[in-house]
1. From the C-alpha gyration tensor of the chain, pull out the three semi-axes of the equivalent ellipsoid (sqrt of 5λ each), sorted largest to smallest, in whole Å.
2. Could you work out how far helix 280-295 tilts from the main Cα principal axis of the chain, as a 0 to 90 degree angle to the nearest 10?
3. Just by accessible area at a 1.4 angstrom probe, what is the order of His236, His280 from largest to smallest?
4. For a distance above 17 Å, tell me the whole-number percent of Cα pairs in region 118-164 that qualify.
5. What does the net charge come to around Val53 if you take all other residues with beta carbon closer than 13 Å to its beta carbon, with K and R at +1 and D and E at -1?
6. List the relative contact order of the chain as a percent without decimals, with contacts defined as Cα pairs under 8 Å and 6+ residues apart.
7. Rounded to the nearest 0.05, what FRET efficiency is calculated for Ser185 and Met1 with R0 set to 51 Å and r the Cβ-Cβ distance?
8. Report the full-extension gain for the segment Thr48 to Leu231: residue separation times 0.36 nm, less the Cα-Cα distance, to one decimal in nm.
Amino acid sequence: MITKAFSFILPTDIRYGKDITSDLTILLKDREINQVLLVTDPGILKTTLVDQVVAYIKTAGAQVTIFSDVSPNPRDTEVTKGASIGIHANAEAIVAVGGGSPMDCAKSINVLMSLKKDSIKEFEGSGKVPRPLKPYFAIPTTAGTGSEVTWSSVINDTENQYKMTIKSTYMAATVALVDPALTTSVPAAITASTGMDALTHAIEAFTAKNANPISDALALQSVELITQSLLNAYRHGDDMQARDQMMMGSMLGGLAFSHSDVASVHCMAEALGGSLDLPHGLCNSILLPYVMEFNAPAAITRFARLAKAMGLTFDEENEGADLAVQFVKDLASSVELPQLNELAVTPEDFPRMAAIAMKNGSTPSNAREMTEIDYLNLFQRAYQG
Ligand code: NAD
């Protein structure tokens, strides 16, 4: 069989390595930027990370306004507020410092700020942003979402209580400044959930229907790096080799899924996380092995290849797929993430969540065809543990 036609777009200049964030000074100077809106969150403000970035901005001779009212699942109302602050400050560029929440919020703020609009809801879906936006510089501080290299922004629709996705290549970071050392202050529980998020991206990207040879290469390398290093990063937060591998794995996973797609794990996780305001990576981690188990018969060779990337040995493909599912369950338990029945959720919630998951734009990408009943069964199966 010959390769199906595909395209591979990379709108972001990726700069990776120790102290790479200092490049921000020259990036701002070159563009003659005088006013910057820095988007972050209250947790990051407690670290020294923002002070360092503010210093780089000031060295470029620019003024900075900080917006930090960003929740772990950023809300549409926060996007509107941040954009209004940015417009008021005459910001010419945005810098995000943080995990997926500040980075996603910054992408959506940039849409409203650049286009002088009030509500992100009108841009929900794919390709609704009509033209290029202001320069946006992403500085990730978690190894999980890959948002620094993706062109989607996931925002909580507070009225309808679900997470909507806004997608446009115009929203991608102009430059991603990726220094794994910025993740050494991430607490162990967040290292665990964000790490499992990154693993979910890689597994879903590799098994999604739109996977292509480039996304495959990125996804397999991501699985290899993450499965080798997550436990060490969780147990020893200052292990720089583990942090480096996790950051690289997360970024490669982000590149892979922005070209392939995510699939039913994310559809379910966004329904669960949007309703209960739970960490996104935790929701993915809980649901991942059950969706893998369901999907494996539809893509057995791919699941066996994932098992190889995890370093597992086996004779038959079926055996490899089973081992991969078990490996993921064991990893989630080693990094002490809870199960679905340990959360504030009851089976009465599942029909509504299954309906939301079914409507998610990534449902058609799943390796195996999904129905609303399949989603309901999978929520129930995960609840049984
Ligand atoms: P997060 O950004 O919500 O951060 C979680 C917590 O970790 C916060 O309290 C934050 O203050 C803290 N934190 C972050 N970095 C830290 C550091 N270096 N030291 C100490 N504390 C730190 O978590 P996340 O998992 O990175 O992002 C989740 C969000 O990203 C969700 O809303 C999810 O839907 C979205 N997401 C987006 C994409 C995308 O491509 N756009 C992909 C996956 C997930």
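1. Working: eigenvalues 217, 101, 76 Å².
Value: 33, 22, 19 Å, ordered largest first.
2. Roughly 30 degrees, rounded to the nearest 10.
3. So, going from the largest accessible area down, we get His236, His280.
4. Beyond 17 Å sits 47 percent of the P(r) for region 118-164.
5. -3
6. Value for the chain: 15 percent.
7. Rounded to the nearest 0.05, the efficiency is 0.60.
8. Details: separation 183, 0.36 × 183 = 65.88 nm, distance 2.55 nm.
Result: 63.3 nm gained on full extension.
The values are calculated or read from the model by the stated rules, or taken from the named source; none is laboratory data. Since this is a predicted model, take the numbers as computed values, not measurements. FYI the Cβ positions are ideal-geometry reconstructions off the backbone, even for glycines, and counts take in every protein chain you see. Remember, those area values only see protein heavy atoms, side chains included, never the ligands or the DNA or RNA. Shrake-Rupley method; radii C 1.70, N 1.55, O 1.52, S 1.80 Å.
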